[in-house]
1. Using modelled backbone amide H atoms (1.01 Å from N, in-plane), which distant-in-sequence or interchain residues come within less than 5 Å of residue 41's amide H?
2. Which is farthest toward the positive dipole end of the chain among 141, 128, 44, measuring Cα position about the Cα centre, with Cβ charges +1 (Lys, Arg) and -1 (Asp, Glu)?
3. What is the dipole size for the chain, taken about its Cα centre, with +1 at each Lys and Arg Cβ and -1 at each Asp and Glu Cβ, in debye to the nearest 20?
4. Check residue 79: other-chain or 5+ apart residues with amide H under 5 Å from its amide H, H built from backbone geometry?
5. Within the chain, which is the longest segment containing none of the GluC sites (Glu not before Pro) that sit in a DSSP loop and have at most 15 other Cβ atoms within 10 Å?
6. How big is D, in µm² s⁻¹, for segment 1-100 by Stokes-Einstein at 37 °C and 0.692 mPa s if Rh is the Kirkwood radius over C-alpha pairs?
7. Under 25 °C and 0.890 mPa s, how fast does segment 88-141 diffuse according to Stokes-Einstein, given a Kirkwood radius computed over C-alpha pairs? Answer in µm²/s, whole number.
8. Could you work out the mean projected area of the convex hull around the alpha carbons of the chain, in square nanometres to one decimal?
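Every number here is computed from the coordinates shown, using simple stated rules; none is lab data. Everything quoted here is computed from the prediction, not taken from an experiment. Cβ: placed from backbone, ideal geometry, glycine included. Neighbour counts: every protein chain shown.
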Amino acid sequence: MTMPGPIRAAVLTVSDRCSRGEAVDTSGPALAAICRDRLGAEIVESACLPDDPVALEACFRRWAEADPPIDLILSTGGTGLAPRDHTPEAAMRVIDRPHPALMELARLRCYEKTPRAFLSRGVAGAAGSSLILTLPGSLRGSTENLEALLDILPHAIETLRGEVKDDGRAEAKGEGVVHHED
């Protein structure tokens, strides 16, 4: 069986101030570093856009339709309650199969560190064969949310790629069976 390549990832920073050069983006580069260092991912795209729902949707859509496919699309910012926070809505216009449990798990796992984790309106889901996660904008919030999901993201991406042929039962046999330590 041919081994698949590394996870192909893209990171979008959503920030009016960073997009105008008035602030330095720390969250986007930190997410990219976690993807490279902890998931062995290749960062194939990155961008910094203002809180403009039309531009955000266009970026999510372009990345979700990329060829070769981008496995993991992360965004940081625009998930809170501020009037200009529209990232979840822009992502949901591109996501064709929502997966709310992923961000609920991230919020639950981050709750111990801060109850404010539940103020994030971040969403997750599949757009074609890409997994989209919208993370909080702060350095701490974005990295903690991503780290909260690192143990399950490889299997989620393998599944989206079509590499998982069964449910991982020990008695399953055949090509494409992926076993994980649980």
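1. Placed amide hydrogens put 36 under 5 Å from residue 41.
2. Final value for the positive-end residue is 141.
3. Details: 20 positive and 28 negative charges, 83 e Å.
Result for the chain is approximately 400 debye, rounded to the nearest 20.
4. Those qualifying (amide H under 5 Å, at least 5 residues apart or on another chain) are 137.
5. Working: sites that count: 22, 65, 112, 163, 171, 175, 181.
Result, exposed sites excluded: 113-162.
6. Details: Rh = 14.2 Å.
Stokes-Einstein gives a translational diffusion coefficient of 232 µm²/s.
7. On the way: Rh = 11.5 Å.
The calculation lands on 214 µm²/s.
8. Details: hull surface 42.2 nm².
Value for the chain: 10.5 nm².
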